[in-house]
Amino acid sequence: MDSERRIWEIDFLRGFAIICMIFDHIMFDFAYVFTFTEGILGHISEFAAVYMNLTARAILQNVFLVIFVGVSGISSSLSRSNYLRGFKLLAVALFLSLATYLMGEGYFIKFGILHMLAVSIILYAVLQRVNNIALVIIGILIVAVGIIIEVKGIKANSNILMPLGIHAPGFSSADYYPLLPWSGVFFIGAVTGKNLYRNKASLLPQFKGKRWHKPFAFAGRHALVIYLLHQPVIWLLLYLTALILGYDFFS
């Protein structure tokens, strides 16, 4: 969809979720990766450690994830090339897995948000002609089963069902978003898009001449690139900042 025809509120919501994710990852890096112990960066690390354990943080993280995954579903409802989009994204996700595998086990992304979105897009391409009510019911059931798996702590003897949220004890992934429940959120978003955006046009004012939403919309339009590059950029900036301020160690 070209810039003149894009639905700005979809880009805005996706961008808002991405920017919130970046802030959350910056806090994670201060709390667990760099963990400064002195000076102003030390105070930020202390704040980040407290922030990472806040109940409000966990709640908001899930809210932003629902927004991001739901909006991804809405976007797929507007696309005519979901098979192509899905397999392209899957190729990117597999490349990311390979790159993080080479970085070491602690960085290895085995089934992250890109994997989940890619498979969800492909599944939606298969199911998109299914009745909307049936697709919503499927989405709700997927979410419910995923929550049950999480709450009950259901495990398996191997990781073969890892994409579904069932894995062996001790399983770890640097980024992990299983199809159960998240593909259900995606499907519900797709049905929402099919009903709200039948004309493929914005439902809200364009705010011409006002720029407050522009950074969020820009981030939304380039969400994949930002997702792939944001952590290396954050690490580089934190490292350079530490050098400029005279830090010579990280505990």
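The values are calculated or read from the model by the stated rules, or taken from the named source; none is laboratory data. The structure presented is a predicted model; accordingly, all values stated were derived computationally and were not measured. Note that we place each Cβ from the backbone using ideal geometry, even for glycine, and neighbour counts take in every protein chain shown. Heavy atoms of the whole protein, side chains included, go into the accessibility calculation; ligands, DNA and RNA do not. Shrake-Rupley method; radii C 1.70, N 1.55, O 1.52, S 1.80 Å.
Let me know the charge dipole size of the chain about its Cα centre in debye, to the nearest 20, where only the beta-carbon of Lys, Arg (+1) and Asp, Glu (-1) is charged. The partial results should precede the final answer.
Numbers: 19 positive and 12 negative charges, 276 e Å.
The calculated dipole for the chain is roughly 1320 debye.
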Q | Cβ-Cβ FRET estimate between Tyr101 and Thr241, R0 fixed at 25 Å, reported to 0.05 | A | 0.30
Q: Run the 1.4 Å probe and let me know the accessible area of Lys155, rounded to the nearest 10 Å².
A: 110 Å²
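Subtract the Cα-Cα distance of Leu161 and Arg80 from 0.36 nm times their separation in residues, and report this length gain in nm to one decimal.
Values: separation 81, 0.36 × 81 = 29.16 nm, distance 3.02 nm.
Length gained, Leu161 through Arg80: 26.1 nm.
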Q: Give the whole-number value, in cubic angstrom per residue, of the convex hull volume spanned by the C-alpha atoms of the chain.
A: 153 Å³
Q) Convex hull over the alpha-carbon atoms of the stretch 160-251: what's its volume per residue in Å³? A) 176 Å³
Q | Spin-label pair His43/Gln61, simplified geometry with 7 Å Cα→Cβ offset, distance in nm | A | 2.6 nm
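Can you tell me how much longer the chain between Ile137 and Val233 gets when fully stretched, taken as 0.36 nm per residue apart minus their C-alpha distance, in nm with one decimal? Spell out each step's value before the answer.
On the way: separation 96, 0.36 × 96 = 34.56 nm, distance 4.08 nm.
Stretched out fully, the Ile137 to Val233 stretch lengthens by 30.5 nm.
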Q) What FRET efficiency, computed as 1/(1 + (r/R0)^6) with R0 = 25 Å and r the Cβ-Cβ distance, is obtained for Ser202 and Lys88, rounded to the nearest 0.05? A) 0.45
Q: State the number of lysine pairs found in the chain whose Cα atoms come within less than 29 Å, restricting to pairs 8 or more positions apart or on distinct chains.
A: 12
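Relative contact order for the stretch 147-251: what percent, with Cα pairs under 8 Å and sequence separation of 6 or more? Provide the component values of the computation, followed by the final result.
Numbers: 38 pairs, mean separation 12.9, N = 105.
Taking the mean separation of contacting Cα pairs over the length of the stretch 147-251, I get 12 percent.
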Q: Amide H neighbours of Ile109 under 5 Å, at least 5 residues apart or on other chains, H built in the peptide plane: list them.
A: Thr100, Tyr101, Ala174
